[in-house]
Amino acid sequence: MQRLFQLLKLPKWEGKDANMKIMKSIERIPGGLMLVPLFVGAIIHTFAPKSGEYFGSFTNGLMTGTIPILAVWFFCMGAGINLKSTGVVLRKSGTLLVTKIGVAWIVALVAGAFLPEGGVQTGFFAGFSILTLVAAMDMTNGGLYASMMQQYGTKEEAGAFVLMSLESGPLVTMLILGSTGIAFEPQAFVGAVLPFLVGFILGNLDSDFRSFFSKATHTMIPFFGFALGNTIDLGVIVKTGFAGVLLGILVIIVTGIPLMLADKFIGGGNGTAGIAASSTAGAAVANPMIIASMKPEFMPIAQSATALVAASVIVTSILVPILTAFWYKYMQKKNNKNSGSGVNTRAL
């Protein structure tokens, strides 16, 4: 067995205590827990689209169960939010949350005036639509933000991701699209947010509920990513991948600058937290398909929007940490120079 592993250049097998560290390898990839299963599912759907139907039963349910998996995920996310946070945390998270959503709303209004109703169909910008732009810009990668702030900010700034969970799911995207004149049935809004609200209420009524259900939020991610991938044709991703790089850069610029200013002048920071919040959440990959299931007129552009948003997740997950570290070090040098000492002061 060890000889076989050597020939295949796989980690050495050491019996019952062997550890190939597959999980750690996946976590090194930006958004890996979502994106790796998503691409595995996409490969299966591209080359064997009838696999779920062929195997049936639980396998088919795992491959096609995006909606029930997502419903459980939203419930657990809601249960994990604790409103008993400090004023500093609420101020910081509220500032970043409102700014992020506000920018996405403005982008939706501007895009609605220039982009065709069905999105751009040809050329380098093929796949760009109101749905694509809003899905990429209205949700922050809370995990990425928290990890950046743990390294470059205060514990209060790191805890500011608490309200960012409110961005999760299609509700905010639906509200923004609705403001541009796209109508959704009232029950669609209720149906989208109800699992989240029930979990939120139970989690805040009983801390044991919060502790129990919040543990499942990360566990559900790869299952949902795999099911979502089984709705995607890789041919679409190949066609839109380069535009996805541009989308990721636009997300950082368009949302990052307002977030930096809001963090500095409202949140009491120096802009570092604003840059750290200028990413696209991995969960945003799901929104185009979810919105399309509620508004069938979006279905023709849902796949390309999903591919673009997935690319934006990767691009922002790579660039945001680099930019955050650069800005933090720049501010640190500037503050040290102004103070004439080696003490790092966070505020300007």
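The values are calculated or read from the model by the stated rules, or taken from the named source; none is laboratory data. Note that the structure is predicted; figures quoted are calculated from it, not measured. In this analysis, Cβ positions are derived from the backbone assuming ideal geometry, glycine residues included, and neighbour counts consider all displayed protein chains. We work out accessible area using only protein heavy atoms, side chains counted, and drop any ligands, DNA or RNA first. Shrake-Rupley method; radii C 1.70, N 1.55, O 1.52, S 1.80 Å.
One line per residue, one yes/no per condition, for (1) in a loop (DSSP other than H, G, I, E, B); (2) at pLDDT 90 or above; (3) open to solvent by less than 30 Å² (accessible area, probe 1.4 Å); (4) under 19 Å from residue 305 (Cβ atoms):
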site	(1), (2), (3), (4)
89	no, no, yes, no
95	no, no, yes, no
101	no, yes, no, yes
104	no, yes, yes, yes
107	no, yes, yes, yes
112	no, no, no, yes
120	yes, no, no, yes
126	yes, no, yes, yes
135	no, yes, yes, yes
Practice prompt. Among the residues of the stretch 44-71, count how many are closer than 22 Å to residue 292 by Cβ, modelled with pLDDT of 80 or more, more than 17 Å from the chain's Cα centre (by Cα) and among the β-branched types (Val, Ile, Thr).
Written response: 3
Item to complete: Return yes or no: is residue 298 of a type in the set (A, V, I, L, M, F, W, C), open to solvent by 60 Å² or more (accessible area, probe 1.4 Å), part of a helix (DSSP H, G or I) and out of contact with any Cys (no Cβ under 7 Å at 6 or more places or on another chain)?
Response: no
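Okay, residues lined up against (1) open to solvent by less than 10 Å² (accessible area, probe 1.4 Å); (2) at positive phi:
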| position | (1), (2) |
| --- | --- |
| 243 | yes, no |
| 252 | no, no |
| 256 | yes, no |
| 264 | no, no |
| 268 | no, yes |
| 275 | no, no |
| 285 | yes, no |
| 290 | no, no |
Worksheet item: Residues of the stretch 186-228 being open to solvent by 80 Å² or more (accessible area, probe 1.4 Å), within 20 Å of residue 66 (Cβ to Cβ) and either in contact (Cβ under 8 Å) with a residue 60 or more places away in the chain or not in a helix (DSSP H, G or I) (or both), which ones?
Response: 218, 223
Discussion item. If I go through the stretch 137-147 residue by residue, how many of them are touching a residue at least 60 places away in the same chain (Cβ under 8 Å) and either part of a loop (DSSP other than H, G, I, E, B) or open to solvent by less than 20 Å² (accessible area, probe 1.4 Å) (or both)?
Written reply: 7
